[in-house]
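Input: a single structure, listed below in structure tokens.
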Ligand code: 6PG
């Protein structure tokens, strides 16, 4: 067996899937797991690929098996266990080695870990990996944050295992330290918004009197057109599934409380810290949080009654509204990325980010090809909403979105993502808004000062009362 090109420590779901993907694509790998019990089952799963996989007893043996400079992929939780591993590895690794964290990490932690390891000449890569287990096994989309040195060493194997859009492997070096994990976090924020948007469309269709089978057909139809995307595809598929125990549609037996591991929340927090506000993502995070409060919602219905009334909306109207909302959700995501590029001095290339999201990842969608094109033609990262390529989608979609949101509001159906999309769009085309009133209020109670429309400078005050 040739020398392993990379070591993988941690054979959980994602670690095992990435390891098998690497082995299948001709990469010599060595693997280890904290408990050796996982190894035989992994090798069993590997089948003939096992011939390309060396196994190591423990972390020390794994490190010893790797030629220098080493490449070590740690597939363990990106929280305290990653810090503990780094402390353990510092005396064991050497200058020029690279440690990779391919989990969903808080990019602040990735930056701190990169700086800490850099003091020892060790490179740290924050690799955002999207596509779930199936993606990791068959071809994920990967967002690389780290040094040029590590990218040069790792790019050939990452290109080999990445999802492909045509011939283009969906992996890119996006910037140093936390850049990859940050872009992955925003990817997840968009994922939250898109999933919630689909949930709201489902609600509107169901309240309109359609059964899950009809809704599945509608989503499958949309999936053939400009709304084509992995999330519409799986939603159409899952709506058709029945529960084996009861024979009922599977959605009938699933509790309406959504989980969340935290990346959506991070996106919102970071957006706000950057002076941005991704209201569609906020709406989605809020909807998940409220969904968890089942008892409170039940109590609310007892006190106020449930306001839900039947809605009547054309399928075409809903589709046009969804297209507009999806443009706006990407536009909000890219605005956060634009702000982060400025704040952290990252060379984020929006066209490339859109390109590597076209296959393999959870938010892959036909629209991303047009988004990549719009950025390639010079649309600024923060200005996607105004890109020529989406002018028509918005011109026809916004009236539809207005009708959808208006109808939902009148019927008592909560549509936090769709409603946020519209409020944001309308705000961003209002040249003179109500903030003049806020400024006056701030000056009244705090002498915060305001700018005037007719003079240069800041710090003007009003003729307020004593
Ligand atoms: C991906 C996904 C993945 C994420 C899950 C669960 O891109 O493959 O974003 O990384 O962990 O979707 O996320 P939540 O538990 O927060 O919904």
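The values are calculated or read from the model by the stated rules, or taken from the named source; none is laboratory data. None of these values were measured; they are calculated from a predicted model. Note that we place each Cβ from the backbone using ideal geometry, even for glycine, and neighbour counts take in every protein chain shown.
Here are a few things to note about the model shown:
- The single residue among 22, 66, 72 that is in contact (Cβ under 8 Å) with a residue 60 or more places away in the chain and under 20 Å from residue 132 (Cβ atoms) turns out to be 22.
Residues checked against (1) more than 22 Å from residue 105 (Cβ to Cβ); (2) within 15 Å of the ligand (Cβ to nearest atom); (3) surrounded by fewer than 16 Cβ atoms within 10 Å (Cβ to Cβ):
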| site | (1), (2), (3) |
| --- | --- |
| 236 | yes, no, no |
| 242 | yes, no, yes |
| 259 | no, yes, yes |
| 262 | no, yes, yes |
| 272 | no, no, yes |
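- Being within 16 Å of the ligand (Cβ to nearest atom) and surrounded by 19 or more Cβ atoms within 10 Å (Cβ to Cβ) is a description that applies to residue 283.
- Residue in segment 129-144 that is farthest from the chain's Cα centre (by Cα), counting only those that are more than 9 Å from the ligand (Cβ to nearest atom) and not in a helix (DSSP H, G or I): 139
- Test: residue in segment 206-226 that is away from the ligand (no atom under 15 Å from the Cβ) and within 21 Å of the chain's Cα centre (by Cα): yes
- Residue count for segment 399-420, restricted to those that are under 24 Å from the mean Cα position of the chain (by Cα) and over 17 Å from residue 286 (Cα atoms): 1
- Conditions (1) more than 27 Å from residue 149 (Cβ to Cβ); (2) in a loop (DSSP other than H, G, I, E, B); (3) over 33 Å from the mean Cα position of the chain (by Cα): number failed by residue 48: (2)
- Here the helices (runs of 4 or more DSSP H) wholly within segment 275-356 that include at least 1 residues being within 21 Å of residue 176 (Cβ to Cβ) are 315-344, 350-356.
- When residues of segment 1-25 are limited to those that are at pLDDT below 95 and closer than 17 Å to residue 153 by Cβ, the one farthest from the chain's Cα centre (by Cα): 2
- Residues that are under 22 Å from residue 73 (Cα atoms) and out of contact with any helix residue (DSSP H, G or I) (no Cβ under 7 Å at 6 or more places or on another chain) do not occur anywhere in segment 197-205.
- Verdict on residue 178 being buried (at least 24 other Cβ atoms within 10 Å of the Cβ), away from the ligand (no atom under 11 Å from the Cβ) and closer than 25 Å to residue 261 by Cα: yes
- Pair list, Cβ under 6 Å, 6 or more apart: segment 257-270 residue free of Cβ contacts under 8 Å to residues at least 24 places away in the same chain, other residue part of a helix (DSSP H, G or I): 265/285
- Contacts under 6 angstrom Cβ, first residue in segment 26-44 being within 18 Å of residue 74 (Cα to Cα) and not assigned by TED's automatic domain parsing to the domain that holds residue 66, partner modelled with pLDDT of 95 or more and surrounded by fewer than 19 Cβ atoms within 10 Å (Cβ to Cβ), 6 or more apart: none
- Residue match in segment 87-109 (condition: in contact with a helix residue (DSSP H, G or I) (Cβ under 6 Å, 6 or more places away or on another chain), away from the ligand (no atom under 16 Å from the Cβ), modelled with pLDDT of 95 or more and within 17 Å of residue 8 (Cβ to Cβ)): yes
- Residue in segment 63-71 that is in a loop (DSSP other than H, G, I, E, B), at pLDDT 95 or above and under 28 Å from residue 261 (Cβ atoms) present: no
- Pairing each residue of segment 411-436 that is within 27 Å of residue 195 (Cβ to Cβ) with any residue that is at pLDDT 95 or above and not in a helix (DSSP H, G or I), provided the two are 6+ apart or on different chains, yields C-beta distances under 8 Å for 427/433.
- Qualifying position, being surrounded by 20 or more Cβ atoms within 10 Å (Cβ to Cβ), assigned by TED's automatic domain parsing to the domain that holds residue 365 and in contact (Cβ under 8 Å) with a residue 12 or more places away in the chain, among 307, 292, 325: 325
- Selection status of residue 112, more than 25 Å from the chain's Cα centre (by Cα), away from the ligand (no atom under 16 Å from the Cβ) and more than 22 Å from residue 162 (Cα to Cα): no
- Within segment 115-123, none of the residues are within 16 Å of the ligand (Cβ to nearest atom), surrounded by 14 or more Cβ atoms within 10 Å (Cβ to Cβ) and not in a helix (DSSP H, G or I).
- Criterion (under 16 Å from the mean Cα position of the chain (by Cα) and either within 14 Å of residue 190 (Cβ to Cβ) or away from the ligand (no atom under 16 Å from the Cβ) (or both)) met by exactly one of 349, 354, 341, 376: 354
- Filtered residue count, segment 63-86, keeping only those that are within 16 Å of the ligand (Cβ to nearest atom) and over 28 Å from the mean Cα position of the chain (by Cα): 0
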